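Asker: Pasting in a structure now, in structure tokens, and then I'll have a few things to ask.
The values are calculated or read from the model by the stated rules, or taken from the named source; none is laboratory data. Values in this document were obtained by computation on a predicted structure and should not be read as measured data. Quick reminder, even Gly has a Cβ in these numbers, built from the backbone with ideal geometry, and neighbours come from all protein chains shown.
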Amino acid sequence: MQLKPTHKLYKQIQRLPTNIKSKALILLEKINTGESPFKLGGKRLKCSGNNKHIISTPIGRKYRVLMIKIENTIQPYWIGTHESYNTKITQL
């Protein structure tokens, strides 16, 4: 997946450990080429209330990527540790 250095997700990926960064880039490339996040372990978030378009996909055991489905496009917008994820989803 091609992200510009100014993109927020790019900055988040750069802070990841090397092995997780590699897994994240592979996962994002699969999403970018049309693979379903649900085939990659993704789930719709129940905490998103009426907004059923937020998807969480694991990257290993300790990291998650959040994506939003807009029409027929899935856009990743956040990536981080599972601990940070728990805090993030309470804000949705």
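Asker: List the pairs whose first member sits in the stretch 5-18 and is under 15 Å from V65 (Cα atoms) and part of a loop (DSSP other than H, G, I, E, B), whose second member is at pLDDT 85 or above and of a type outside the set (V, I, T), and whose Cβ atoms are under 8 Å apart, counting only residues at least 6 apart or on separate chains?
Answerer: Matching pairs, first to second residue: L16/A24; L16/Y63.
Asker: If you don't mind, another one. Which residue pairs have Cβ atoms closer than 7 Å, lie 6 or more positions apart in sequence or on different chains, and pair a first residue in the stretch 75-86 that is in contact (Cβ under 8 Å) with a residue 12 or more places away in the chain and surrounded by 19 or more Cβ atoms within 10 Å (Cβ to Cβ) with a second residue that is assigned to a helix (DSSP H, G or I) and among the hydrophobic types (A, V, I, L, M, F, W, C)?
Answerer: Going by the 7 Å Cβ cut-off, the qualifying pairs are P76/L9; P76/L28; P76/I31; I79/L9; I79/I13; I79/A24.
Asker: Give the stretch 6-47 a look and list any residue that's charged (D, E, K, R) and over 15 Å from I74 (Cα atoms), or say none.
Answerer: If the condition is that a residue be charged (D, E, K, R) and over 15 Å from I74 (Cα atoms), then K8, K11, R15, K21, K23, K46 are the ones that fit.
Asker: Then there is this: Looking only at the stretch 61-69, decide whether some residue is more than 20 Å from T87 (Cα to Cα), crowded, with 16+ Cβ neighbours inside 10 Å and at pLDDT 85 or above.
Answerer: no
Asker: Among the residues of the stretch 53-92, what is the count of those that are small (G, A, S) and under 8 Å from the mean Cα position of the chain (by Cα)?
Answerer: Looking only at that region, the number is 1.
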